[in-house]
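Reading through the structure tokens given below for one structure.
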Amino acid sequence: MSEAVSALNGASFEGFAKVEETGLRGMITVRGDLTSKEMAAAVKTATGAAVPVQRKVAVGGSGVVAWMSPDELLVVVDYDQAEATVVQMNEVLSGVHALVANVSDARAVFRLSGDGSRDVLAKLAPVDFAQDAFGSGGIRRSRIAQVPAAVWGNDDGSFEIICFRSVAQYVFDVLKISAQSGGEVGFH
């Protein structure tokens, strides 16, 4: 069996904001009734977090849970824990209509940090990234330039960007170009 590698092998760029590929992350798509007690138990057991409310991210001791749609969550755990987490969640959700799928190897994750992060995102996505509109724990599914992506805000002011692995180089390149010095739009 081959060794797992991230999409861009930890690529990074620093301009007026820093763009970093974060490496391998365990990512699990969970679909079902987000209001059910079984779903709440599965999420709590897997991550220590509660099911997040609409357009929010919940952080637990063992992972992060992102609201993706009215019947979908993204559970983010350590890469080497993804398969065990899928098994664990399926056990808790046994008997209810739900889907739990490991999508770790189909995704890439970037961290965008620095004072200019909101400027970079504002140039690439049709989302209001003003601090009062999009703060820590907020998540949006949108587009980064021409490709689908999800973006959430972290407590330290940085952002996580998740995209399909097949477009990771494109997303890195547009983030890098948008973060080059002289490209600030005055959003910070």
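The values are calculated or read from the model by the stated rules, or taken from the named source; none is laboratory data. This structure is a prediction, so every number in the text was calculated from the model and none was measured. For neighbour counting, all protein chains shown are included, and Cβ atoms are generated from backbone atoms with ideal geometry for every residue, glycine included.
Only one entry in Ala40, Ala7 is of a type outside the set (Val, Ile, Thr) and at pLDDT 95 or above, namely Ala40.
Which residue, of Asp105, Asp155, is assigned to a helix (DSSP H, G or I) and surrounded by fewer than 17 Cβ atoms within 10 Å (Cβ to Cβ)?
On inspection, the qualifying residue turns out to be Asp105.
Filtering the range 114-133 to residues that are on the phi < 0 side of the Ramachandran plot and either part of a loop (DSSP other than H, G, I, E, B) or surrounded by fewer than 17 Cβ atoms within 10 Å (Cβ to Cβ) (or both) leaves Asp115, Gly116, Ala125, Pro126, Val127, Asp128, Phe129, Ala130, Gln131, Asp132, Ala133. Number of residues in the range 35-53 that are in a loop (DSSP other than H, G, I, E, B) and in contact with a Ser or Thr (Cβ under 9 Å, 6 or more places away or on another chain) equals 3.
Of the residues making up the range 137-147, just one is surrounded by fewer than 16 Cβ atoms within 10 Å (Cβ to Cβ) and either of a type in the set (Gly, Ala, Ser) or in contact with a Ser or Thr (Cβ under 8 Å, 6 or more places away or on another chain) (or both), namely Ser142. Look at Val92 and say whether it is modelled with pLDDT of 95 or more, surrounded by 19 or more Cβ atoms within 10 Å (Cβ to Cβ) and closer than 29 Å to Asp33 by Cβ. Answer is yes for this residue.
Among the residues here, Met1 qualifies as of a type in the set (A, V, I, L, M) and modelled with pLDDT under 95. A Cβ distance below 6 Å, combined with a sequence gap of six or more or placement on separate chains, defines the contacts here; from the range 82-94, residues that are of a type in the set (Gly, Ala, Ser) reach residues that are modelled with pLDDT of 95 or more and in a helix (DSSP H, G or I) in the pairs Ala82/Ser104.
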